[in-house]
Amino acid sequence: MGNYNELLTLRNKIENTLNYQLSLSNLELYHSNLFAVVLEKSEFINHKFFSNVFDINKKYTDLKVYREKNSIDLTIEVIDEDSKNHVIFIENKVKSLPDENQLIRYSEKDSNAKGILLSLVEPGFDLPNSWFRRSYGDLIEYYSDLLEKVDETFRLFLIDYIDYMKNLEKFIEKISYGESYFLEESNNKVLDGMRLRSVIEKIHYANLQNKISDLGYKTYSGRIRGGHHFGIVLPIEGTTSSFDIQIQGNQYRHKVNFSLEDKAKIGDLERICDSIKEKTCLYHFNLEDNPILQKSSSRKKWKSYDRRDFYDYALIKKHVSSKELINYIKTDVRKIEAHLKIVKEIILENMA
């Protein structure tokens, strides 16, 4: 009950702030617009929040802030004491997750611009050149340092915002970084009606994705068909198809993703999956004495997306911790790696 009471206290503190109530209609837009107003009112850019982006020891003039210019959350333009122009993009991620391709596209709009990714979650990828990540803790520190540089009314408003975000970060830390893979029932009760469940779940799955990003393969997290998920993609060399370990809710999935090119040459994909299951460890969950997984009640032999991604799954047991699940995935990846050559041979042998 201790954690439940702490979360309930934090929820009350969050909901009692004016900024929380104002942000409910659009989380990311609200935070971006407030940041823009702060910059316009204070012109306070000689701060470590902007270090590495430009020389914070120089003097700057003619600051301009644009909202949604070229679909970018914020664009800052300033001129330094040597009459050099600087362009800084701010990409804000509160309820959505960092997207590497999005940052690359933005950089292509202006190769001389630098960017700041402002996010609640550490990205699960290396940032492109000229991009720097800042947390909301960094933003809170920036706002705290300019409290004496704004008028009293705005100062009180920023203090309210700082309290809101500090408590929100503590709240997210307690729920999203917990030991259990599944959100605890008491945590679900606190989240009910708070309109933060989707954000919490996204962060939880992004954290899990980050923990398997060191395996040398593409990883992902997101939302599909109403549920959050994360996974890892292993290419099947010699083909344009791939294999996923994908976790969504209580399902631990093995999934072969047949490319459109391979599908056109193969024909009967279910027969290929039968052969893969017969000759490899793929689609085998070794459920006897398995501390992580148990048998599903599904009677359908193959589940499919768009009739070309075929998967089967076992159920994740309720007591499983995030650490246990991650370690299990890493072990599973090593087993599957040893069998991908056989999978390739099965696919190539059945191509027309």
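The values are calculated or read from the model by the stated rules, or taken from the named source; none is laboratory data. Since the model is a prediction, treat every value here as computed from it, not as a measurement. So basically every Cβ, Gly included, is an ideal-geometry build from the backbone, and we count neighbours across all protein chains shown. Ligands, DNA and RNA are stripped out before the accessible areas are found, and what is left, the full protein with its side chains, is counted by its heavy atoms. Shrake-Rupley method; radii C 1.70, N 1.55, O 1.52, S 1.80 Å.
Listing for the model above:
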| read-out | value |
| --- | --- |
| ASP73 - accessible surface, heavy atoms, 1.4 Å probe, Å² rounded to 10 | 30 |
| Positive dipole terminus of the chain, leading residue within GLY267, ASN3, ILE172 (C-beta point charges) | GLY267 |
| Within the stretch 223-334: Cβ-based charge dipole about Cα centre, in debye rounded to nearest 20 (Lys, Arg +1; Asp, Glu -1) | 420 |
| Cβ charges +1 (Lys, Arg) and -1 (Asp, Glu), total dipole of the chain, debye | 1280 |
| Principal-axis tilt of helix 136-145 within the chain, Cα atoms, nearest 10 degrees | 10 |
| Under the Karplus curve 6.51 cos²θ - 1.76 cosθ + 1.60, θ = phi - 60°, whole-Hz ³J(HN,Hα) for the stretch 341-351, x wherever Gly or Pro sits | 5, 5, 4, 4, 4, 4, 5, 5, 5, 9, 7 |
| Stretch gain in nm, segment ASN26-LEU287, where the contour uses 0.36 nm per residue and the Cα spacing is subtracted | 89.5 nm |
| Signed unit charges on C-beta, dipole axis of the stretch 1-94, positive-most listed residue SER42, HIS86, TYR30 | TYR30 |
| J(HN,Hα) series, the stretch 244-257, from Karplus relation 6.51 cos²θ - 1.76 cosθ + 1.60, nearest Hz, glycine and proline x | 10, 9, 10, 10, 9, x, 9, 9, 10, 10, 9, 9, 8, 9 |
| Segment LEU63-LEU156, extension gain: residue separation times 0.36 nm, minus the distance between their alpha carbons | 31.0 nm |
| Directionally averaged shadow of the chain, computed from the convex hull of its alpha-carbon atoms, nm² | 21.0 |
| For ILE245, distant residues with modelled amide H under 5 Å away | ILE232, LEU234 |
| Residue-normalised accessible area of the stretch 77-168, expressed per residue, 1.4 Å probe, Å² | 47 |
| Length added when fully stretched, LYS323-GLU185, from 0.36 nm per residue minus Cα-Cα | 47.8 nm |
| Degrees, to the nearest 10: 100-109 long Cα axis against longest axis of the chain | 50 |
| Efficiency of FRET between LYS149 and PHE125 - r from beta-carbon atoms, R0 51 angstrom, step 0.05 | 0.90 |
| Nearest 10 degrees, 0 to 90: helix 152-176 Cα axis against the chain principal axis | 20 |
| FRET efficiency for TRP302 and ASP55, using Cβ-Cβ distance with R0 set to 35 Å, rounded to 0.05 | 0.05 |
| Carbon and sulfur %, accessible surface of the stretch 31-150 computed with the full protein complex present, 1.4 Å | 40 |
| Charge-dipole axis of the chain as Lys and Arg at +1 and Asp and Glu at -1 on Cβ define it, positive-most pick from LEU97, GLY238, ASN19 | GLY238 |
